[in-house]
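What follows is a set of notes on a single structure, which appears directly below.
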Amino acid sequence: MRVYAIGDIHGHLDKLRSVHALIAADKARVGDPDAVVVHVGDLVDRGPESAGVLSYLAEGLEAGQPWVILKGNHDRMMRRFLEPDRLRDPSRPDLHWLQDNIGGRSTLESYGVDTDPARGKEAIHTDARAAVPEAHVTLLDRLVTHHHMPGLYFVHAGVRPGVGFADQVEDDLVWIREPFLSDTRDHGALVVHGHSPVAAATHYGNRLNIDSAAAYGGPLSAVVIEGAELAVSLLTETGRRPLVPVQAALG
């Protein structure tokens, strides 16, 4: 068993291309071209090329690449903004996709939309609906909330501790932080996630966080997980670097 996973992209097409090159080289080295690549969501916002990221991913899926693309909270916010009534996310009605700390404006600017606040949200919304191609809307509609493999559960944000995988709800899967991040129990599989930026991809034993803050100038992480023991390695320009649980690393 071998699977690759990529952390939160946030509109950084150059970083996405780079980690896909690392994955392609690793696949060639081990002779496994059909291994699945899971993207853990937050494809858009904050970075400069969200439109390019969605085009790249849509084209890869169309070409038959063995990719799984998960839904992040930013992806859900974008899709809801594109609805006729500019819907807010039900889990965070206090947030608007166009506010500065969310990054929706940078996403729309990548489509050529004038996001000057003086224009008003209605005018920006009208232009957004015209500028975002149907192929990108279709991709956003097809994003899945999780990907389950033996011993592994891929999700954007995390899971609700104590709730079985079959009973998890989308709001948690795309938004949760606590109590998930501080929970040390075995969730029934290694949970591979992003959403909560860390300085570097980190294995916590019961979960693996691969959001290494690409949105804030950090690298975009790609990992490979393989074998019955679910060994994890970070892919780098100089080869694989094993990621062991932090408890084991501390000895």
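FYI, it's all coordinate maths here, none of it is from the lab. Note that the coordinates shown come from a computational prediction; the quantities given were computed from them, not determined experimentally. No Cβ is skipped: glycine too gets one built from the backbone with ideal geometry, and neighbour counts run over all protein chains shown.
Points to keep in mind about this one:
- Summing +1 for each Lys or Arg and -1 for each Asp or Glu among the other residues whose beta-carbon sits under 14 angstrom from that of TRP175 gives -3.
- All other residues whose Cβ lies under 13 angstrom from that of ILE124 are scored, Lys and Arg at +1 and Asp and Glu at -1, for a net of 0.
- Positive-end ranking of PHE165, VAL137, PRO117 along the dipole of segment 107-251, with charges on Cβ about the Cα centre, is headed by PHE165.
- Electrostatic bookkeeping for GLU109 treats Lys and Arg as +1 and Asp and Glu as -1; over the other residues with beta carbon under 12 Å from its beta carbon, the sum is -3.
- Taking every DSSP bridge with both residues inside the chain, close to 60 percent are antiparallel.
- Its residue count N sets the reference 2.2 N^0.38 Å, and the alpha-carbon radius of gyration of segment 1-93 equals 1.20 times that reference.
- Translational D in µm²/s for segment 82-161 (Stokes-Einstein at 10 °C, 1.306 mPa s, Kirkwood Rh from C-alpha pairs): 107 µm²/s
- Mean Cα-pair separation over length for segment 2-250, i.e. relative contact order, pairs under 8 Å, 6 or more apart, %: 21 percent
- Estimated inter-spin distance, ASP141 and ALA166, nm [label 7 Å along Cα→Cβ]: 3.0 nm
- The C-alpha atoms of the chain define a longest principal axis, and helix 13-30 lies at about 30 degrees to it.
- Loop GluC sites (Glu not before Pro), segment 161-251, which have at most 12 other Cβ atoms in a 10 Å radius of their Cβ (DSSP): GLU229, GLU237
- Of all lysines in the structure, those lying under 30 Å Cα to Cα from LYS15, and not within fewer than 8 positions of it along the same chain, are LYS27, LYS71.
- For segment 161-249, trypsin sites (Lys or Arg not before Pro) meeting the loop criterion (DSSP other than H, G, I, E, B) and having at most 13 other Cβ atoms within 10 Å: ARG177, ARG185.
- Computed over the chain, Kirkwood Rh from alpha-carbon pairs, angstrom: 18.5 Å
- For segment 1-99, with +1 on Lys and Arg beta carbons and -1 on Asp and Glu, the positive-most of LEU22, GLY41, LEU82 along the dipole: GLY41
- Across segment 101-223, Cα-Cα pairs more than 18 Å apart make up 61 percent of the total.
- The long axis of helix 121-131 is offset from the longest Cα principal axis of the chain by roughly 70 degrees.
- Here is the result for segment 59-120: no chymotrypsin sites (Phe, Trp or Tyr not before Pro) lie in DSSP coil with at most 14 other C-beta atoms within 10 angstrom of their C-beta.
- Across segment 1-118, Cα pairs under 8 Å and at least six residues apart give a relative contact order of 27 percent.
- Point-charge dipole on Cβ atoms (K/R +1, D/E -1) for segment 13-126, about Cα centre, debye to 20: 200 debye
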